[in-house]
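The values are calculated or read from the model by the stated rules, or taken from the named source; none is laboratory data. Note that the structure is predicted; figures quoted are calculated from it, not measured. When we count neighbours, we look across all protein chains shown, and the Cβ atoms used for this are built from the backbone with ideal geometry, even at glycine. Accessible surface is based on the protein model in full, side chains and every heavy atom, while ligands, DNA and RNA are left aside. Shrake-Rupley method; radii C 1.70, N 1.55, O 1.52, S 1.80 Å.
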Amino acid sequence: MSQTRKNLIVGQSGGPTAAINSSLYGVVKEGLRQKEKIAHVYGMVNGIEGFLNGTVLDFEEALPGEELEYLKTTPGAYLGSCRYKLPEDLEDAVYPKLFQKFEELEIGYFFYIGGNDSMDTVSKLSRYAKKVGSDIRVIGEPKTIDNDLVLTDHTPGFGSAAKYVATTVREIVLDANVYEKKSVTIIEIMGRHAGWLTAASVLARKSVGDNPLLIYLPETDFDEEAFLKKVEACFEKNVNVVVCVSEGIHDKDGVFICEYDNSVGTDTFGHKMLAGCGKYLENLVRNRLGVKARSVELNVSQRCSSSMMSKTDQKEAVSAGEFGVRLALKGETGKMVSYIRISNLPYAMKLGLEDVNEICNKEKTVPLSWITNEGSDIGEEFIFYALPLVQGQVEVPVGTDGLAKFVSRK
């Protein structure tokens, strides 16, 4: 790359998290700081799809001065997101079109913040750049509450979502314990194939034998008859039973439990749009066991609660953004920023880079050895792993109306 200053562009893709804007803040803040090497820091509005449509903003104009600081505590994806999948064929006409737009904006550094599908975009763009001899450096910044990216200890966004899940489940447990009449509360938590977030509900327990008494992840097969027997057995410990389930729990044939009652659609990536296993199990318990039952679907609250953001999560997300920029300036490309755990007691981690081609289109699931009680509970290994990630409270700025002060695009 020539010594002439180039511009940096960053985008966000996939589902938001409470910390995705912290990663964005890190990229933008470091990009603006590197004035000798980076002329402008641009943002793609609605990801690579928006960029193709010409929607780009300049961060010095969009979030001048102190306004940039509010990004760290703003939920959602400030730049907007997309679920646009680049063609597998690098000969497709979209690639020269993209790189022509990069050239017009004098882009030297491309950053994409997202999960598995976003890393697929990073992989394709970096491979195309190499193919045509472009000197654009392409870096992936990890993001996902699902915590399912490989080659990284954990992902930005997971710690905050885990904190939200554990806190909310603990609150629901206290609410469920009000009456001395048998009841079952089913809490449905996000997680299609990886149950990391649902596993975080184990952190809600205050003591051994506390609710949630049953936890089911998609890593193991779900048997509804065995489930009903376990619920009945739980009544011997507590008349109020709380059960946490991943949205993607399935039977031994791979059929999602939510499909027992519903016809489900698919998204643009061909993934089944899951929802409803909690409601199905609520009706199953009520009809078969004859007890009071209710279901709670945590839904998007798991990923957008800045009020329960983990300070550890926020700090690491900002650092990851900054780290990626510094390494891109040193010539790195086709990589994803990764988290490397150095120790657990005390908790310590460092940042690294991994080949994005070894990450995209793969999923990291909860180790089966961490799942206990015939697939209905979570072991201590997970607790040791997850507890450091939910530590610390973030102070969210408050506006004159007494509510949280966030930034949004004008």
Gyration tensor on Cα atoms of the stretch 1-116, a ≥ b ≥ c root eigenvalues, a/c under 1.5 rounded, else prolate if a/b beats b/c, else oblate, says oblate
Based on the alpha-carbon gyration tensor of the chain and its eigenvalue square roots a ≥ b ≥ c, which shape applies: rounded if a/c is under 1.5, prolate if not and a/b is larger than b/c, or oblate? prolate
Anisotropy class of the stretch 254-410 from Cα gyration tensor, a/c 1.5 cut: prolate
Where nothing but the Cβ of Lys and Arg (+1) and of Asp and Glu (-1) is charged, how large is the charge dipole of the chain around its Cα centre, in debye to the nearest 20? 780 debye
Lone cysteines in the chain, defined as no other cysteine's Cβ under 4.7 Å from theirs: which are they? 82, 234, 244, 304, 360
Give me the lysines in straight-line cross-link reach of residue 181: C-alpha distance below 28 Å, same-chain residues under 8 apart excluded. 206, 229, 230, 237, 279, 292
Which is farthest toward the positive dipole end of the stretch 146-263 among 147, 201, 254, measuring Cα position about the Cα centre, with Cβ charges +1 (Lys, Arg) and -1 (Asp, Glu)? 201
Ranked from the most accessible area to the least, with a 1.4 Å probe and all protein chains present, what is the order of 229, 35? 229, 35
Percent relative contact order for the chain, counting Cα pairs under 8 Å at least six residues apart, stands at 23 percent
For residue 338, other-chain or 5+-apart residues with amide H closer than 5 Å (H placed, Pro excluded) are 352, 353, 354
Value of relative contact order over the stretch 86-174, rounded to a whole percent, pairs C-alpha under 8 Å and six or more apart: 24 percent
Quick one: putting +1 on the C-beta of Lys and Arg, -1 on the C-beta of Asp and Glu, what dipole do you get for the stretch 94-229 around its Cα centre, in Debye to the nearest 20? 280 debye
Gain on full stretching of the segment that runs from residue 221 to residue 174 - 0.36 nm per residue minus C-alpha separation: 14.0 nm
Using unit Cβ charges (K, R positive; D, E negative) and no other charged atoms, how large, in debye to the nearest 20, is the dipole of the stretch 151-234 about its Cα centre? 300 debye
Given 35/362; 350/405; 163/350, which pairs have Cα atoms separated by over 29 Å? 35/362; 350/405
Accessible surface of residue 319 - all protein chains present, 1.4 Å probe, nearest 10 Å²: 40 Å²
Roughly what would the spin-label model give for residue 403 and residue 55, points 7 Å off Cα along C-beta, in nm? 2.3 nm
With an 8 Å Cα cut-off and a minimum separation of 6 or more residues, compute the relative contact order for the stretch 1-152 in percent. 31 percent
